[in-house]
Amino acid sequence: MPLRYAATLLALFALLPGFAQAQTYPARPVKIIVPAQPGGGLDLIGRTVGNELGRALSQSFVIENVGGGGGSIAAMAAARAAPDGYTLMVGYVGTHGTNPAVRKLQYDAVRDFTPIAMVGGTPNILVVTPLVPPSDLKGFLDYAKKNPAKLNWGTGGIGLLNHLALEQFRAAAKLEEVAYVHYKGIGPAITDMLGGQINVLMPGLAAALPHIRAKKLKPLAITGLKRHALVPEVPTFEELGYKGFDGVQWYGIVGPAKLPAEITRKLNAEINKSLASPALRERLSSEAIETMPMTPEQFGAFMKADIARWTALARERKISLDD
C-alpha cells in the first residue's frame, strides 16, 4: 500500500470516536472497584491487575474497596459509572454468577456491564474435620447417610458459591436434608470448623489450603476437570463419578455497559499479556488461583453460562434470598 494511502486510512480511523479515545487512553488515573474490604482474593486480584496495567500503560490504576450487599453495592456503582474506561470493577462469581441466581438485584449482571477480561479462578474443595472418621468421599457418604445427626454442615452464607456447590453435591449424592449453619463469610465458618462447631464445609481452595497443610482439615474431593497442583492427592468429583463439578470461584475485570470496543480490546490485550508472564502465573498459583485468559466475548459467554448454571440449581433446590 502506498504510504500516502496508509496515512489517509490512519487519519480516517482516527476520526472514529472509539479509535481516537483508545489511542490516548488512559489519559488520567483509572479506578478499579473491588467489591470487598481490603484483604482476600478479590482485593488481591484488583491490586495485581491494577499494578500490571499501571506498568503497561504508564498510568495510575487506583483501587477503591466497596464492601456490602454481597458485592451488589460495588456492582451498582460500577454499572452507573460513565462508560469511558476510567471506572472498572473486579467482577467475580458472586456479583456475576451466584448473586443473580438467588436474588433480585438492582443491576443486571449481563446487560449493565462490559466483560473485559477473565483473570483466573480457584476450585472449591469438600473438607471435613479430622474427627469425621472417613478419609475418602465414598466412606464419607456412607457415614453421612448412617449418621446424619453427627454432622453439621457449614456455609459462608446462603446462596454463595460454597453453599450452592454443597447443594450440587447433596443433589448428586442423593443426601437427605442436612443440618446447615450459615455464616457471614467463609472466614467465620472456617474458624468455627476448627473449633468443632461444624464439621463439613466446601470453601475455595485458597481459604482451606493452610488448614489442609496443617492437617486441621481433611480434604475429600475438589471441583474442576483435573487435580490441582497444590493438592495433587485430592481426587476431583469428576473422577469419582460426579459430572458437572467444574464450577470455580472466578475473578475477572468488567466495566460499565457500552464501553468503547477499542478500550475493551486494549485492556484485554494488556491483561492477557500479563497473565502469560510465568512470574505472575506462579504468584497467583501460590494463592491457589489459576489463570484463565479469555477474549471479552469468551468471558461474556462464560458469565452467562455461569449465571444459567447456578440459577437452574437454585431453582431446583429452592434457594432464594428473596423469600
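Classify the stretch 120-215 as rounded, prolate or oblate from the Cα gyration tensor: take a ≥ b ≥ c as the square roots of its eigenvalues, call it rounded if a/c is under 1.5, otherwise prolate when a/b beats b/c and oblate if not. Rounded shape, in that the Cα axes give a/c under 1.5. Within the same chain, lysines fewer than 8 places from LYS215 are excluded, and of the rest, none has a Cα less than 19 Å from its Cα. Between LYS273 and TYR180, the modelled label-to-label distance comes to 4.5 nm, taking each label 7 Å out from Cα in the direction of the beta carbon. Pairs exceeding a 22 Å alpha-carbon distance, out of LYS104/LYS184; LYS216/LYS318; LYS31/LYS273; LYS174/LYS216: LYS216/LYS318; LYS174/LYS216. Please build a GNM for the chain, connecting alpha carbons under 10 Å apart, and tell me which residue among THR24, THR129, THR223 fluctuates the most. Looking only at THR24, THR129, THR223, the biggest GNM fluctuation is shown by THR24.
So what's the angle, to the nearest 10 degrees on a 0 to 90 scale, between helix 3-14 and the longest Cα principal axis of the chain? Around 60 degrees separate the two axes.
Between amide H atoms placed 1.01 Å from N, distances below 5 Å from LEU88 occur with LYS31, ILE32, ILE33, all of them 5 or more places distant or on a separate chain.
The stretch 244-317 and the stretch 162-229 have Cα centres separated by 23 Å. On C-alpha positions alone, give me the angle between the axis of helix 261-275 and the longest principal axis of the chain, in degrees, nearest 10. For helix 261-275, the angle is close to 50 degrees. Here LYS258 is the anchor, and the aspartates and glutamates within straight C-alpha reach of less than 15 Å, apart from those fewer than 8 places off in the same chain, are ASP84, ASP108, ASP112, GLU297.
Tell me what the chain gives for mean residue ellipticity at 222 nm when only DSSP H runs of n ≥ 4 count, each as -39,500 (n - 2.57), the sum divided by the residue total, rounded to 500 deg cm²/dmol.
On the way: 12 runs with 135 residues, N = 323.
It lands at -12500 deg cm²/dmol.
Note the angle between two axes, namely the Cα long axis of helix 161-173 and the longest principal axis of the Cα atoms of the chain, as a number of degrees from 0 to 90, rounded to the nearest 10. Helix 161-173 sits at roughly 50 degrees to that axis.
Antiparallel beta bridges, as assigned by DSSP with both residues in the chain, represent about 65 percent of the total such bridges. If you take the square roots of the eigenvalues of the alpha-carbon gyration tensor of the stretch 184-255 and sort them as a ≥ b ≥ c, do you get rounded (a/c under 1.5), prolate (a/b over b/c) or oblate? Oblate. Surface exposure of the chain, expressed per residue as accessible area with a 1.4 Å probe, stands at 46 Å².
Apolar share of the accessible surface for the chain: 56 percent from carbon plus sulfur atoms, 1.4 Å probe. What separates the Cα centres of the stretch 85-100 and the stretch 102-135 is a distance of 12 Å. Provide the net charge surrounding ASN99, with neighbours chosen by a C-beta distance below 12 Å and charges set as Lys +1, Arg +1, Asp -1, Glu -1. After counting each charged neighbour, the total is -1.
The values are calculated or read from the model by the stated rules, or taken from the named source; none is laboratory data. These numbers were taken from a predicted model, which means no experiment stands behind them. Note that we place each Cβ from the backbone using ideal geometry, even for glycine, and neighbour counts take in every protein chain shown. Side chains included, ligands, DNA and RNA excluded: accessible areas come from the protein's heavy atoms. Shrake-Rupley method; radii C 1.70, N 1.55, O 1.52, S 1.80 Å.
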